[in-house]
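Have a look at the structure below before the remarks.
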Amino acid sequence: TGLHGTTYGMNEGDHRAENIRVENGAYQFDWIGPEFSECVRFSQAGRHNLENALAALALAAEMGMDPKQLAPALSHFAGVRRRMDRIYSSDRHLYYDDYAHHPMELHVLIEAMREWHPKKRLTLIFQPHLFSRTRDFLTEFAEELGRVDELILLPIYPAREKPIEGVTSQRILEGCPIGERSLAEAEDLLDLLQDKKPELLVTAGA
């Protein structure tokens, strides 16, 4: 017979986000609920984060909390460490850090950066996590990482694994369809960044 309950979503559902836009470093949207409408500001990048925020708003409202108090409260949410974590921001430079270590997570991360900063050149530093994951998603990693403007790859972080012959960051690099790509050691990164001075820097992975 199907599931019954309260729904939420982007432009659809009992609780929905409409007129979504990025303004002054944050999402602005209209939260349309049963018999109410509130303007909301949410300062975390990524449509997946926006959906999670809407779910939290809907749940709290359904439990009886006042939407007029919930909407401004969300603007104070500082986010979660290493999840679209804005580390530094100025007129010329931005730096985000994210734990993305799977191709789909990288896809979402890059999409969010493109949406929030469409005019900025995106430099991504990525450290693959696990030899086995790198082997299993070698093509997918190369495809997703090839969507940035400049890619810097660190050696694979092994965690609990032993090296797998032929599985290296170089293999990912060879499959990336962009010209500006390179390998680096962690201890060389500060000097490298001092030289490049990227306007939009994102670190991801291990």
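Bear in mind that the values in this text are calculations on the coordinates, not laboratory data. Quantities reported herein were computed from a predicted structural model and do not represent experimental measurements. Counting neighbours? That spans all protein chains shown, and the Cβs are built from the backbone with ideal geometry, glycine included.
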The Cα extents of region 1-98 along the principal axes, largest first and rounded to whole Å, are 51, 29, 22
Correct choice for semi-axes √(5λ) of the Cα gyration tensor in Å that was computed from the model, options (i) 34, 18, 13; (ii) 31, 22, 17; (iii) 37, 20, 14: (iii)
Only bridges with both residues in the chain count here: give the DSSP antiparallel percent, nearest 5. 45
Taking H placed 1.01 Å from N in the peptide plane, check which residues at least 5 places from residue 125 or on another chain put their amide H under 5 Å from its amide H. 152, 202, 203, 204
Of 141, 36, 126, the one that fluctuates the most in a GNM where the chain has Cα springs shorter than 10 Å: 36
Calculate one ³J(HN,Hα) per residue across region 77-82 by plugging θ = phi - 60° into the Karplus curve 6.51 cos²θ - 1.76 cosθ + 1.60, and present them in order as whole Hz with x for glycine and proline. 5, 8, x, 10, 4, 6
Please list, in order along region 124-129, the HN-Hα scalar couplings obtained from phi with the Karplus expression 6.51 cos²θ - 1.76 cosθ + 1.60 (θ = phi - 60°), rounded to whole Hz, x for Gly and Pro. 10, 9, 10, 10, x, 10
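Using DSSP loop states and a limit of at most 14 other Cβ atoms within 10 Å to flag trypsin sites (Lys or Arg not before Pro), what is the longest stretch of the chain containing no flagged site? Walk me through the numbers on the way to the answer.
Numbers: sites that count: 81, 82, 92, 119, 121, 160.
Here the longest segment lacking exposed loop sites spans 1-80.
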Run the dipole for the chain about the Cα centre, Lys and Arg Cβ at +1, Asp and Glu Cβ at -1, nothing else charged, and hand back the magnitude in debye, nearest 20. 220
Whole-Hz ³J(HN,Hα) from phi, Karplus 6.51 cos²θ - 1.76 cosθ + 1.60, for region 158-165, glycine and proline x: x, 6, 8, 9, 9, x, 10, 4
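Could you work out the relative contact order of region 13-154? I mean the mean sequence separation of Cα pairs under 8 Å and 6+ apart, divided by the number of residues, in percent. Intermediate results must be reported in sequence, preceding the final value.
On the way: 180 pairs, mean separation 23.6, N = 142.
Relative contact order for region 13-154 comes out at 17 percent.
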